[in-house]
Amino acid sequence: MKLLALALATSLTTAQAQQPLAPTSRWQHQPVGSAPTPPMGWSSWNAFRVDITEQKVLDSARVIVDSGLAGAGYRSINVDDGWWLKRRTSDGRLQVRTGLFPSAALRDEAGGDKGSSLRPFTDKIHAMGLKAGIYTDIGRNACSQAYDADSPNLPEGTHAEREVGLMGFVKQDVALFFGEWNFDYLKVDGCGLSSYGRDRPHVASGQYREVKPSIVEGNVNQSDVPGTQALYAGLKQALHEVRPNGDYVLSVCLWGTVNVRSWGQDYGTMWRTSRDIANTFSQMVHNFDTVATREFYAGPGRWNDPDMLEIGNGDFDGSHLLEARTHLGLWAITAAPLMIGTDLSKAAPALIDILKAPEVVAINQDPAGHQGVIAYADSDRQILVKTLADGRKAVLLFNRTGAPARFTLTAEHLKMDAAAPIALRDAWARADAGTFTGQREFQLQPREALLFTATGKHLLPRGYFVSERPGNVYVARDGIRAPEQDPVGYRSLASWATTDNGGTRPAYAGWGGPRADSTPYEQALSVQRQAFRHGIGVLADSRLQVQVAPGSQRFVARVGVDDSTRGKTAAVSFEVWGDGRRLAATAPMKFNQAARELGADLRGVKLIELIARQHGADIVGPIVVTWGEARIE
Ligand code: GLA
């Protein structure tokens, strides 16, 4: 049976590679590990960097349990970089720095050194009712060895002994982490592939072996996408062998580089979309921006990761509760993993209350797993709306600026009927916040984010817009010819960037991917001057899989080449497939032709595939198409 499934999967994969637009009639996303809702927990990195000890980790774990944070869902206790001493060359087994993790020291009866094991540590964590996470690197060496060169806690010994990363040891290390040591969560970094070029001081000095970088930050063209994918595929396979029941989380940490924002969902449970967060408001916003436009790439079992929380640190410490709330609100509305990154033994009770806020966490953990969609955005203000499993909407109003800002929230933002009352509930205050009809004004303080749930009458008398349920969509083919840098990941902000070196330029590929209620390039949807407030914007040569809610009757959209298209000469036909059958299609359409209505009977259909097929080449550029008002009724 397994073999048959494997053979089927392989033949499907081959067919897809040859004919990427061919419908497969089955949901193609195969989850890696298991995280039906965004992973939650605590990690040592933002709190301690490489200055960790077992005691510090256990102290925060104790607070997690005693303060009720575990009860709120924060259960994974993750040890980040800094735990290792060396790789024992006689058998390749990783050794723990037992000076920092005393319970890891193994002794024979005479008290002699028998190596080390983190099993006593994970046993303690598990006995507290928690889960345990560990950290490694996909290359030979880790990030700390490149960036924390002065730390006394770096691996020691010969070159080979200091090569503590997975390269060449994937199966052995994964068996050690998950089989013997019984960890539940693995974060796999990528510095071994990016930071050991010959020009780096730690390599030039002969301290570490050179690895020609296959990941070049800020330059996807110079990065080896298939090579990186192949390494993570090997890791995925090794995990599957040790934990065939899928009971683990794999956190892919490639900082938004090497086009991971597009393929992370196929290789990890979660994947970082940006560089490391820092405890400054501007860096936090930068990281948020790198997930905010990726709504179609996340869903149950697959999560965009803007990095661990900084609540408790710097701009988000006990004297900045407003900023702390904003930070958590942004992570909640985007269904981001919630990993606390502060020393909880020192955290102010008010911060713990913020982290625990039940109605805020519930928005993040909503079982439907939809990421919030941008309903309004300018440089200063954003409104994001997240569809919840019970039909309510969560809505976040975010003032990015240092001055007070005025917002008008409309029924349309919420895709609700403007003539019917809409009841708001304040997720922070856990209190009803009044009812409005049509629209309501808000005045926000600098850096404030308000977070509500909204109950009202849906704009559609029955059914929903596809763009409201992005977690039900899998981007089987995005139509992007060659990865492009996303200019929405603005320049900057990196702690090492200064005005005399030009700042850091946009560093994340993924520009041109499908968007909810927007074109792939952040324009309003419009076909022959007919504007669509709701719909999907995508490039031609694309195939989107959409799960259909049970009992649905019909799919309807108004389709055409978008007015913002770059390529204006080639034609595009639109097809709707249901469970592998062609249900409806248009003739080829060109720029400046009126949108056509495309309807399909969905009775009994579980999965539809929306294909925009391009006819002929267009030398000017990609063709932007619009599935206007695409809805399932
Ligand atoms: C990288 C990661 C961080 C952290 C450090 C550890 O920078 O992005 O999250 O794990 O490495 O050295």
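The values are calculated or read from the model by the stated rules, or taken from the named source; none is laboratory data. These numbers come from a predicted model, not from an experiment. Cβ placement follows ideal geometry from the backbone for every residue including glycine, while neighbour counts extend to all protein chains displayed. Side chains included, ligands, DNA and RNA excluded: accessible areas come from the protein's heavy atoms. Shrake-Rupley method; radii C 1.70, N 1.55, O 1.52, S 1.80 Å.
Expressed as an acute angle from 0 to 90° and rounded to the nearest 10, what is the orientation of the C-alpha long axis of helix 321-333 relative to the principal long axis of the chain? Relative to the chain, helix 321-333 is tipped by roughly 60 degrees. With both labels modelled 7 Å from their Cα along Cα-to-Cβ, the I619 to N221 distance reads 2.0 nm. Ligands, DNA and RNA left out, the accessible area of the range 149-307 computed with a 1.4 Å probe is 50% carbon and sulfur.
Within the assembled protein chains, the solvent-accessible surface assigned to R613 is about 70 Å², based on a 1.4 Å probe. In straight-distance terms, cross-link reach from K187 covers every one of the aspartates and glutamates whose alpha-carbon lies under 15 Å from its own, apart from those fewer than eight places away in the same chain; here that gives D80, D81, D137, D173, D247, D276, D305, D307.
Length available on full extension from D390 to F442: 0.36 nm per residue minus the Cα-Cα distance, which gives 16.1 nm. Out of the DSSP beta bridges found with both residues in the range 16-126, what percent are antiparallel (nearest 5)? Among the beta bridges of the range 16-126, antiparallel pairing accounts for roughly 60 percent. In sequence order, the range 182-191 has phi-based couplings of 6, 6, 10, 8, 10, 9, 10, 7, x, 4 Hz under the Karplus curve 6.51 cos²θ - 1.76 cosθ + 1.60, θ = phi - 60°, and Gly or Pro positions carry x.
May I ask for the distance between the Cα centers of the range 273-298 and the range 196-263, given as a whole number of Å? Centre-to-centre distance over Cα atoms comes out at 20 Å. Left without a cysteine partner by the 4.7 Å Cβ rule in the chain: C253. Expressed as an acute angle from 0 to 90° and rounded to the nearest 10, what is the orientation of the C-alpha long axis of helix 54-66 relative to the principal long axis of the chain? Taking Cα atoms only, the helix is inclined about 50 degrees. Which entries of K131/K393; K124/K346; K415/K568; K86/K114; K356/K415 have Cα-Cα distances beyond 24 Å here? As for pairs spanning more than 24 Å Cα to Cα, those are K131/K393; K415/K568; K356/K415.
Amide H to amide H distances under 5 Å link E448 with N399, where only residues 5 or more positions off or on other chains count and H is placed in the peptide plane. Approximating the spin labels as points 7 Å out from Cα along Cα→Cβ, the A585-to-S379 distance works out to 4.7 nm. Measuring between their Cα centroids, the range 22-87 and the range 380-407 lie 27 Å from each other.
Estimated from helices alone, the mean residue ellipticity of the chain at 222 nm is -5500 deg cm²/dmol (sum of -39500 (n - 2.57) over DSSP H runs with n ≥ 4, per residue). Compute the orientation-averaged projected area for the range 100-234 from the convex hull of its Cα atoms and round it to one decimal in nm². In nm², the orientation-averaged hull projection of the range 100-234 is 10.1. Quick check on the range 368-428: take the gyration tensor over C-alpha atoms, sort the square-rooted eigenvalues as a ≥ b ≥ c, and tell me if it's rounded (a/c under 1.5), prolate or oblate. The shape class here is prolate.
The calculated FRET efficiency for the pair V242 and R481, based on their C-beta separation and a Förster distance of 35 Å, comes to about 0.40. A dipole drawn for the range 541-633 from +1 and -1 charges on Cβ atoms has a positive end, and of A600, A557, M589 the residue lying farthest that way is A600.
Computed on the Cα atoms alone, the convex hull of the chain gives a volume of 163 cubic angstrom per residue.
Take the Cα of A594, go 7 Å toward its beta carbon, and the backbone nitrogen atoms of the range 517-542 under 14 Å from that spot belong to 527-531. Once the chain from R603 to K356 is taken as fully extended at 0.36 nm per residue, the excess over their C-alpha distance is 84.7 nm. Against the compact-protein benchmark of 2.2 N^0.38 Å, the Cα-based radius of gyration of the range 115-190 scales to 1.17.
Amide H contacts of Q95 (H built 1.01 Å from N, in plane; Pro and chain starts excluded): L85, K86, R87, R88 sit under 5 Å, all sequence-distant by 5 or more or on other chains.
Between the helical axis of 2-18 and the longest alpha-carbon principal axis of the chain there is an angle of about 60 degrees.
The antiparallel fraction among DSSP beta bridges confined to the chain stands at about 80%. Only beta bridges with both residues in the range 61-205 are counted; by DSSP, about 40 percent of them are antiparallel.
Rounded to the nearest 20 debye, the dipole size of the chain about its Cα centre is 1560 debye, using +1 on the Cβ of Lys and Arg and -1 on the Cβ of Asp and Glu.
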